[in-house]
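Worksheet: one structure, shown below.
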Amino acid sequence: MQVPGHPIISFPMASSLAPLRLSQTELESISLKCRRLILNMLEKAQSGHPGGSLSAIDLITALFFHEMRMDPKNAAWEDRDRFVLSKGHGVPALYAVLSQLGIIPESELSTLRRINSRLQGHPDRVVLPFVEASTGSLGQGLSIAQGIALALKLQKRSSRVFCLMGDGETQEGQIWETAMSAPKYKLNNLIAILDNNNGQIDGHVTEVMNLEPIADKWRSFNWVVHTINGHSFAEIISALEKARGEKDRPTLILAKTVKGKGVSFMEDKISWHGVAPNAEELQRALEELKGEKS
Amino acid sequence: MGAKATRDSFGEAVRDLGKENPAIVVLDADLSVSTKSVTFAKSFPDRFFQMGIAEANMIGTAAGMAFSGLIPFCCSFGCFLTGKYETIRVSVGYSRANVKLVGTHAGLGIGEDGYTQMGLEDMNLMRGLPGMTVINPCDDKTTRAAVRFAVEHQGPVYLRLTRQKLPDLHASESDFKIGKGIVLKKGGKLALIGTGATVTEALQASEKLANYKPWVIDIHTIKPIDKDLLKTLAQECSQIVTVEDHNIVGGLGSAVAEVLSEVGFSGKLLRLGVQDTYGESGLPDELFEKYGFSAHQIAQKVIDWR
């Protein structure tokens, strides 16, 4: 696969039943390209959510290119690991990653949010493979991920379910209902990841409706909690490795992230939650990401 | 003829079908003794999931199970289940999840517990979701058939059941065909249409209205509703009466009115049921009488109306 401005990365595309386990260097290269793809598609769409896509992209990249067992050619493979994007507004990050797996043609990314596109403003599981849940109404994805995890256990499959949540999203009560029930069912195959960028539409999460102490809350609900830098592939991979070894408890990876990460004028700026860059802003952003319009 | 609460029929039917089909799982939110999902739980403890008093999480979990090939039945009182509308709207409806929602304790028929426990808007809410099949059976046999349909049908289903016993009106499960109303009595210019608990009230009212030779119809499938049968009634009748233990807004009466308007019905429609108000405590019979859809009230209102 040719990544403009970067070395060619090759990885098995056909029936990759084992996780890709790409190196940190390779992951960094892919996520950099994905950042450019995200900004390009948002500029083209002239709407969407850059802040939360950029805070989540390293986490999603690590899952698909390092941790998850899947076959990009076979969305129906029942033993695949599943990814549920509970924070549905971050979906440009998922579309970018799926394009780098060959699941979506890169050219299709420019159809984001357009009429008749498979790339809905928030993910639609009915029209796009590897989108495991239709989300965007916040607070529902973790329940769905739990249901998949329960079914996998009942079917005696070893697959696991990864669920990426926004931090503002966990203000929803339904999240805490699942926080209660997943440990009851000893779902060691459920790994929730909290994209803790501390931003939501109306301000910083700590001001709008403070969630701290987050790690203590989840621990008190009987989850295993690992707090990491969500932009360090070394730390992401290390936490995912630990989750693999859990025997009877679900894991929450508390990923400290920066909203708009990678673009200086977007970083931790609440105003970039749900506003697309214009052409000039896109160019400035791409220069910082050492890329050209792809 | 016997009598049985349709929730009891459901518990037995889902247990019996569970023997044939290992994909069937049942979830409940601390009401398994009331919804009768406990009947399944006793036979298949490994396929029963007690989710506690947290209905939204139960519904979302059921959706995830459905995405993985299971056939989840998600049980609670109809009001508590459909009260989690946003979760049903997105996780089940929009997601085309093969989830079977079982809402018991339909309507004023629950009696003494009062309004907060009564499913009085549930059909309206579920009818508003594209792709949702809404079934409100009136007796044991049709309830069993509806549960079997739910298992075989690929797509979301809302099954509305009663706490109170209802007399047997149908002899065989084969009387039930999804989306097809059942003609209990063929008549003249007047038609009485019931659903669920009110079918038996309509039937009894028809005895009091024998002079008018009313049709009596069981509309068990609220969505998709039987347009063919309604078209026939529109042509044959000059007066059509709907009766439901539900708010008249958005339920059977509304569904019938929509079709009658479309086919150019030139007669009059009377919608009996809860007249866009809230319920209250009382004995079921007292409540049906007070809110105007006991057999006696149906007959009286039809006579006054004519």
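In terms of surrounding Cβ atoms within a 10 Å radius of their Cβ, B:ASP228, B:ASP245 rank from fewest to most as B:ASP228, B:ASP245.
Across peptide A:153-163, the mean count of Cβ atoms from other chains lying within 10 Å of each residue's own Cβ comes to 2.
Here the residues B:ASP276, B:ASP28, B:ASP285, A:ASP195, ranked from fewest to most Cβ neighbours within 10 Å of their Cβ, fall in the order B:ASP276, B:ASP285, B:ASP28, A:ASP195. Could you tell me whether chain B comes out rounded, prolate or oblate from its Cα gyration tensor? Rule is a ≥ b ≥ c as square roots of the eigenvalues, rounded for a/c under 1.5, then prolate if a/b exceeds b/c, otherwise oblate. Verdict is prolate for chain B. Report note on the peptides B:251-264, B:154-167: ranked by the mean count of other C-beta atoms within 10 Å, highest first, their order is B:154-167, B:251-264. Suppose only helical runs count, i.e. DSSP H with n ≥ 4. What mean residue ellipticity at 222 nm does that imply for the protein assembly as shown under -39500 (n - 2.57) per run, divided by all residues and rounded to the nearest 500 deg cm²/dmol? When only DSSP H runs of four or more count, the value is -10500 deg cm²/dmol. For peptide A:116-126, the mean count of partner chain Cβ atoms within 10 Å of a residue's Cβ comes to 1. Before anything else, pin down the relative contact order of the stretch A:189-275: Cα pairs under 8 Å, at least 6 apart, normalised by residue count, whole percent. Computed over the stretch A:189-275, the figure is 41 percent.
Ordered by the count of other Cβ atoms within 10 Å of each Cβ, fewest first, B:LYS208, A:LYS247 give A:LYS247, B:LYS208.
Go ahead and run the numbers for FRET between B:LYS177 and B:MET1, Cβ-Cβ distance against an R0 of 25 Å, rounding to 0.05. E(calc), rounded to 0.05, equals 0.70.
The stretch between A:LYS186 and A:GLU108 holds 24.1 nm of extra length on full extension. This uses 0.36 nm per residue minus the Cα-Cα distance. Pairs over the 26 Å Cα-Cα cut-off, from the set B:LYS185/B:LYS231; B:LYS36/B:LYS141; B:LYS4/B:LYS301; A:LYS242/A:LYS269: B:LYS4/B:LYS301; A:LYS242/A:LYS269. Around the amide H of B:LYS223, modelled in the peptide plane, lie the amide H atoms of B:VAL134, all under 5 Å away and 5 or more residues distant in sequence or on another chain. Sequentially through the stretch A:134-139, phi angles give Karplus couplings (6.51, -1.76, 1.60; θ = phi - 60°) of 8, 10, x, 8, 5, x Hz, Gly and Pro residues having no value and appearing as x.
Take every DSSP beta bridge whose two residues both sit in the protein assembly as shown; close to 15 percent of them are antiparallel. Between B:GLU152 and B:GLU289, the simple spin-label model (points 7 angstrom out along Cα→Cβ) gives 4.3 nm. One decimal place: the segment B:ASP113-B:LYS189 gains 23.4 nm when fully extended, by the rule 0.36 nm per residue minus the C-alpha distance.
The mean count of C-beta atoms from other chains within 10 Å of the C-beta of residues in B:82-93, rounded to a whole number, is 3. Simple point charges give the picture: +1 on the Cβ of Lys and Arg, -1 on the Cβ of Asp and Glu, and for the protein assembly as shown a dipole about the Cα centre of about 1240 debye. When peptides A:140-151, A:65-76, A:28-39 are ranked by their average number of other Cβ atoms within 10 Å per residue, the highest-first order is A:140-151, A:28-39, A:65-76. The distance between label points at B:ASN21 and A:ILE115 comes to 4.0 nm (points 7 Å beyond Cα on the Cα→Cβ vector).
Given their separation in residues at 0.36 nm each and the Cα-Cα distance between them, B:LYS227 and B:ILE303 gain 24.7 nm when the chain is fully extended. Taking label positions 7 Å along the Cα-Cβ direction at both A:ARG284 and B:GLU207, the computed distance is 8.3 nm, reported to one decimal. What FRET efficiency comes out for B:GLU280 versus A:GLU267 if R0 is 51 angstrom and r is the Cβ-Cβ distance? Round to the nearest 0.05. Efficiency computed from Cβ-Cβ geometry: 0.35. Given axes a ≥ b ≥ c from the Cα gyration tensor, I'd like to know whether the stretch B:1-119 is rounded (a/c under 1.5), prolate (a/b larger than b/c) or oblate. Because a/c hits 1.5 or more and a/b fails to exceed b/c, the stretch B:1-119 counts as oblate. Estimated from the Cβ-Cβ distance and a Förster radius of 45 angstrom, the FRET efficiency linking A:HIS204 and B:GLU258 is about 0.40. For the stretch A:236-241, the Karplus equation 6.51 cos²θ - 1.76 cosθ + 1.60, evaluated at θ = phi - 60°, returns couplings of 4, 5, 4, 5, 5, 5 Hz by residue, with Gly and Pro reported as x.
Across the stretch B:84-100, coupling constants 3J(HN,Hα) worked out from phi with the 6.51/-1.76/1.60 Karplus curve, θ = phi - 60°, read 8, 4, 5, 5, 5, 4, 9, 5, 10, x, 4, 7, 6, 6, 7, 9, 9 Hz, and Gly and Pro carry x. Computed from point charges on the beta carbon alone (+1 for Lys and Arg, -1 for Asp and Glu), the dipole magnitude for chain B about its Cα centre is near 700 Debye.
Summing Cβ point charges (Lys, Arg +1; Asp, Glu -1) relative to the Cα centre of the stretch A:25-288 gives a dipole of roughly 880 debye.
Any read-out appearing in this document is the output of simple, stated calculations on the displayed coordinates, not a laboratory observation. Computed from a predicted model, the values in this text were never measured in an experiment. Backbone-built Cβ (ideal geometry, glycine too); neighbour counts: all protein chains shown.
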